[in-house]
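Structure first, then comments.
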Amino acid sequence: MAHPDDPELSCGGSIAVWAKKDRVYNVIVSCGEKGTWDRKASPLLVAEEREKEAKEAAQYLGVKRVIFLRHPDGELSSIKTLKLELAALIRRLKPYTIVTHDPWSRYFHPDHRATAHAVIEGIMIARDWHFYPFLLEIGLKPHRPKELLLGITEKANYVVDITKTCDKKIKAIGMHRSQLGQLPDWQKRVCNRVKNDGASAGYKFGEGFYKMHV
Ligand SMILES: [Zn+2]
């Protein structure tokens, strides 16, 4: 995902469900160093603070490890190596499921769209033998994930029941303390979304995704 708080906002309840029996890794492309309304704040210190918050929230939800790629906030569409970095990580971590943003959502942040497109291109590079032969030379053989989930979507075709983990999602979002002032009414908005997503599948609370088989 693009920024440190995106995993919790888009799929924190699902992460808590998945982490009970599977390994979950969070890959964060940018540390979100421009994510402050304080003109006097140092972007370097904001990045450091946000990494700490992301680690704390991830640990609370049961994530095995958070990997920071540390690309510049707001500039992700111009990072030419991003698809290759993601492909290398896919070959290394061998995920069954990959979760990212829905690049076609109307509510996208440009970084979300750029990250999602890089993930899709990264999956293609990761799964086929003839892309970037140097990956084989450094021991990274092709890996084909089974499914891709696009989160915060208007076209959900798959909903994870987060009735038992919704409280954890809310608490984990709250751990991104540096961001809460810039997320007015976040509790109300998050609650409305998980209620609506859940209702569409007959659950009290849910997180909806557009699920694609890779
Ligand atoms: Zn974001």
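A few notes on this one:
- Residue ranges of helices (runs of 4 or more DSSP H) in the range 104-181 with at least 1 members touching a strand residue (DSSP E or B) at 6+ places or on another chain (Cβ under 9 Å) and buried (at least 19 other Cβ atoms within 10 Å of the Cβ): 110-127, 166-174
- Tally, over the range 1-15, of residues that are more than 9 Å from the ligand (Cβ to nearest atom) and surrounded by fewer than 24 Cβ atoms within 10 Å (Cβ to Cβ): 0
- From ILE67, ILE28, ILE90, residue being crowded, with 21+ Cβ neighbours inside 10 Å and more than 15 Å from the ligand (Cβ to nearest atom): ILE90
- Failed condition for PRO95, given (1) assigned to a loop (DSSP other than H, G, I, E, B); (2) more than 24 Å from ARG70 (Cβ to Cβ): (2)
- Some residue of the range 202-210 being modelled with pLDDT under 95, within 25 Å of PRO4 (Cβ to Cβ) and of a type in the set (D, E, K, R): no
- Residues (surrounded by fewer than 20 Cβ atoms within 10 Å (Cβ to Cβ) and among the hydrophobic types (A, V, I, L, M, F, W, C)) located in the range 191-214: CYS191, ALA199, ALA201, MET212, VAL214
- Residue in the range 48-62 that is modelled with pLDDT under 95 and within 16 Å of MET1 (Cα to Cα) present: no
- Checked against the criteria, SER14 does not count as part of a loop (DSSP other than H, G, I, E, B), in contact with a helix residue (DSSP H, G or I) (Cβ under 9 Å, 6 or more places away or on another chain), within 20 Å of VAL214 (Cβ to Cβ) and of a type in the set (Gly, Ala, Ser).
The values are calculated or read from the model by the stated rules, or taken from the named source; none is laboratory data. Computed from a prediction, not measured in an experiment: that's the story for all the values here. Methodologically, a virtual Cβ is constructed for each residue, glycine included, from the backbone with ideal geometry; neighbour enumeration extends over all protein chains shown.
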